[in-house]
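The values are calculated or read from the model by the stated rules, or taken from the named source; none is laboratory data. Remember, predicted model here, so these are calculated numbers, not experimental data. Don't worry about glycine lacking a Cβ; one is built from the backbone with ideal geometry, like all the others, and counts go over all protein chains shown. Ligands, DNA and RNA are excluded from the accessible area calculation, which covers all protein heavy atoms including side chains. Shrake-Rupley method; radii C 1.70, N 1.55, O 1.52, S 1.80 Å.
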Amino acid sequence: MKKTISLIIAIFNRKDELFELLTSLSHQTDKDFEVIIVDDGSLIDLRPTVELFKETLNIQFFRKDNSGPGLTRNYGARRAKNDWLVFVDSDVIVEKGYIENIKKNISEMPCDAFGGADKVHKGFNLMQKAISYSMTSVFTTGGIRGSKKAVTKFQPRSFNMGVKKSAFEKVGGFSEMRIGEDPDLSMTLWENGFITAFFDNIGVYHKRRVNFGKFSKQVYQFGCARPILNQRHPNYVKISFAFPSLFLIGYILGFIEYFLFGKGFIMAMYGLYTFLVFFHALYKTKNISIAAMAIISTYIQMFSYGYGFLKSWFLLNVLRMKPEEAFPTHFHK
């Protein structure tokens, strides 16, 4: 049976990134797919950028009031004509065989949803490459965003995610969560008996945040979302989710140990960790500047995520606040 694809892009501003993404889509070897762009209340006019690709892509453009990425993707999904929904973030670039490989994979591997790797493009700046390393490294996320060997049950993420439209509709699509809405959907699919898969030949080039401040804010929000996800999906809680928080606590204890007791055993362990991160990043990137910046991005990731996780866990489990009360900006009102 012929596999049909609707590719959905939820976007807020980011005009230049949209142009790069649509350019990469216009170069696909398989051009039999539709593109649905949903403007989530952008403050700039994105329509002129979309119009540039009217002749090369089967493209639809919609604009709506701001409601966050999840509900915006749902809006696009309701307007999709095809059997498979493929979601990509606006800050990615896809290779020319992306659509062709997706169709081949879903024809050969039975599944209800899938995801692919998170890759770094040679044209990214040094900071983007360092952040990409941190988000895909075995020393931070365990490599779950970069290799199927790193996981036993793959959890697709919305920067590169496909779902059967029938399965998507059965579970109600993305939830009201603004942060963490994609792992929430993946686990909801599992709870309803649907099967997810990892395809290693559909990686996307993910630009991510352009500076450390924005990156810190992003991973802090991810950390805040995880205890909420743990409450919503208790069967999929892992002790590894708390590792960044333990990393942060351990670092604080190391300072206390050193300045109050004159001992440096704990800090020596962090020195070894830093050493390993640097040389692993150097091995992966072949660039000493990226490796040095990867140390900074790794510590930002661990500290920001760890703090967000601790704060969220305390509010939800000690103060017994509801998620919507503790983090009202994480939910669509």
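Does the stretch 172-241 come out rounded, prolate or oblate, given a ≥ b ≥ c as the square roots of the eigenvalues of its C-alpha gyration tensor, rounded meaning a/c under 1.5 and, failing that, prolate meaning a/b above b/c?
Because a/c hits 1.5 or more and a/b fails to exceed b/c, the stretch 172-241 counts as oblate.
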Any residue on another chain or 5+ positions along whose placed amide H is under 5 Å from the amide H of Gln60 is listed here as Val35, Ile36, Ile37
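If R0 is 35 Å, what FRET efficiency do you get for Phe265 and Phe314 from their C-beta distance, rounded to 0.05?
Numbers: r = 28 Å, r/R0 = 0.80.
The value I calculate is 0.80.
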Whole-number value, in Å³ per residue, for the convex hull of the alpha carbons of the stretch 234-333 is 159
Taking a straight Cα-to-Cα line shorter than 27 Å from Lys284, and setting aside same-chain lysines fewer than 8 residues away, one finds Lys96, Lys119, Lys122, Lys129, Lys148, Lys149, Lys153, Lys207, Lys214, Lys217
In whole percent, the fraction of accessible protein surface over the stretch 1-56 that belongs to carbon or sulfur atoms, probe radius 1.4 Å, stands at 55
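Which value in deg cm²/dmol, rounded to the nearest 500, describes the helix-derived mean residue ellipticity at 222 nm for the chain, given -39,500 (n - 2.57) per DSSP H run of n ≥ 4 and division by the residue count? Mind showing how you got there, number by number?
Details: 12 runs with 161 residues, N = 333.
Taking each H run of at least 4 residues, the total per residue is -15500 deg cm²/dmol.
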For the pair Lys2 and Lys104, the simple spin-label estimate (label points 7 Å beyond Cα toward Cβ) gives in nm 2.0
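How many percent of the accessible area of the stretch 199-282 is carbon or sulfur, using a 1.4 Å probe?
Numbers: 3200 of 4540 Å².
Here it works out to 70 percent.
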Among the Cα-Cα pairs of the chain, the proportion with separation greater than 26 Å, in percent, is 50
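Top to bottom by accessible area (1.4 Å), largest first, where do Trp313, Trp190 land?
On the way: Trp313 120, Trp190 25 Å².
In descending accessible area the options line up as Trp313, Trp190.
Over the chain, average the accessible area per residue using a 1.4 Å probe and give it in Å², no decimals. Intermediate values should be presented prior to the final figure.
On the way: 15750 Å² over 333 residues.
Heavy-atom SASA per residue in the chain reads 47 Å².
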Percent relative contact order for the stretch 231-293, counting Cα pairs under 8 Å at least six residues apart, stands at 17
Under a Gaussian network model of the chain whose springs join Cα atoms within less than 10 Å, the largest fluctuation of Asp45, Asp118, Asp83 belongs to Asp45
For His121, placing the label point 7 angstrom along Cα-to-beta-carbon and taking the stretch 3-22, residues whose amide nitrogen sits under 13 Å are 16-22
Checking rank on 232-239, 63-70, with mean other Cβ inside 10 Å and highest first, the result is 63-70, 232-239
